[in-house]
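Inspection log for the structure reproduced underneath, given as structure tokens.
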Amino acid sequence: MTLVVGTVAFVAGTAQAQSPTPNWYMMDTPPRGPFPPEAPYQTHTANAVVVFGWGSLTCVSAPYTQINIENSTTYWMTHGDQVVTNLNPQSACSGGSIAPYETEIHAIEQDVESKGTDPGRYWGGFMLDEEPGYGFTKTQLESLNSYVNSLMSGTPGLSWYFTEDQPNGWDLSTYHQIVTGSWLAPQVYTTSMLAAVNTGCSIYSMCENDVTVSANTGATWGDYRTVTGEVNGTPWYNSVWGSGYWCNEYVYAG
């Protein structure tokens, strides 16, 4: 995930705030890594683990192998933890083709469904970080997401997929087309990201967001309370994972 540098002043005059304020969160850890530490400004440990897959494929380096991503996902499930599997599809890692990522995603899904403990309960599925700087076109990402949508439609229970995109990295209509059908986890690290999320809510009714906050920064963008206090709409919620309302804490897990 690329941290976009921008001004730290919030958009003035935001009329609403994400309501209710998220009280649960998911957070990154590398494959074979420990349980995430308590995130900045949070008052408790993470309620779900995100296994940070990085580029993988030809860009792979330890510990970001497919087998480690798979094993780490099933490890947390076996220990009764809720888990999401993150991947960052990058053109440079796949020879410019989206097909190797489809193959990798299918293999991970098959492994988790066959080896993980109660995947319909504990596995939230994939979190795909699809940024324009990673080299794939709108058409390629739509194709990938259509494939993931079809694949995950066959899984039981909760398991689905998030898109952890930069909403200001694309034209807003393009962003809407890429992420439609997924659970939204937009990155909100700058005023332009914030404005894009709020505009997406008002124009396209993209109003339920598992807002991604950067735990790598200090106040104010690193404080989920301040960030979600400027985001319109509602936090992500799924009753399979309980009664909480969610945000997503990004931390570089390299």
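The values are calculated or read from the model by the stated rules, or taken from the named source; none is laboratory data. The shown structure was predicted, so the numbers you read here are calculated from the model rather than taken from an experiment. Glycine also receives a Cβ, built like all others from the backbone with ideal geometry; neighbour counts cover every protein chain displayed. Side chains included, ligands, DNA and RNA excluded: accessible areas come from the protein's heavy atoms. Shrake-Rupley method; radii C 1.70, N 1.55, O 1.52, S 1.80 Å.
Pull up segment 44-63, narrow it to residues that are assigned to a loop (DSSP other than H, G, I, E, B) and at pLDDT below 95, then point me to the one that is surrounded by the most Cβ atoms within 10 Å (Cβ to Cβ). Once the filter is applied, the top-ranked residue is GLY53. Restricting attention to segment 64-101, the residues that are closer than 13 Å to TYR147 by Cβ, over 17 Å from the mean Cα position of the chain (by Cα) and either open to solvent by less than 40 Å² (accessible area, probe 1.4 Å) or aliphatic (A, V, I, L, M) (or both) add up to 2. Taking THR117, is it modelled with pLDDT of 95 or more, crowded, with 17+ Cβ neighbours inside 10 Å and not charged (D, E, K, R)? Against the criterion (modelled with pLDDT of 95 or more, crowded, with 17+ Cβ neighbours inside 10 Å and not charged (D, E, K, R)), THR117 does not qualify. Screening the candidates VAL231, VAL197, VAL213 for the property of being modelled with pLDDT of 95 or more and either surrounded by fewer than 17 Cβ atoms within 10 Å (Cβ to Cβ) or part of a loop (DSSP other than H, G, I, E, B) (or both) yields one hit, VAL231.
If you go through segment 216-228 one residue at a time, how many are among the hydrophobic types (A, V, I, L, M, F, W, C) and open to solvent by 20 Å² or more (accessible area, probe 1.4 Å)? Walk me through how you get there before you give the answer.
Here is the first cut: in segment 216-228, the residues among the hydrophobic types (A, V, I, L, M, F, W, C) are 219, 221, 227.
Going one step further and asking which of them are open to solvent by 20 Å² or more (accessible area, probe 1.4 Å), we end up with 219.
Total meeting the criteria: 1.
When segment 116-156 is filtered for residues that are in contact with a strand residue (DSSP E or B) (Cβ under 8 Å, 6 or more places away or on another chain) and of a type in the set (Gly, Ala, Ser), the ones remaining, listed by number, are GLY116, GLY124, GLY125.
A single entry from GLY133, GLY157 fulfils the requirement of being more than 20 Å from MET27 (Cβ to Cβ), part of a loop (DSSP other than H, G, I, E, B) and open to solvent by 40 Å² or more (accessible area, probe 1.4 Å): GLY157.
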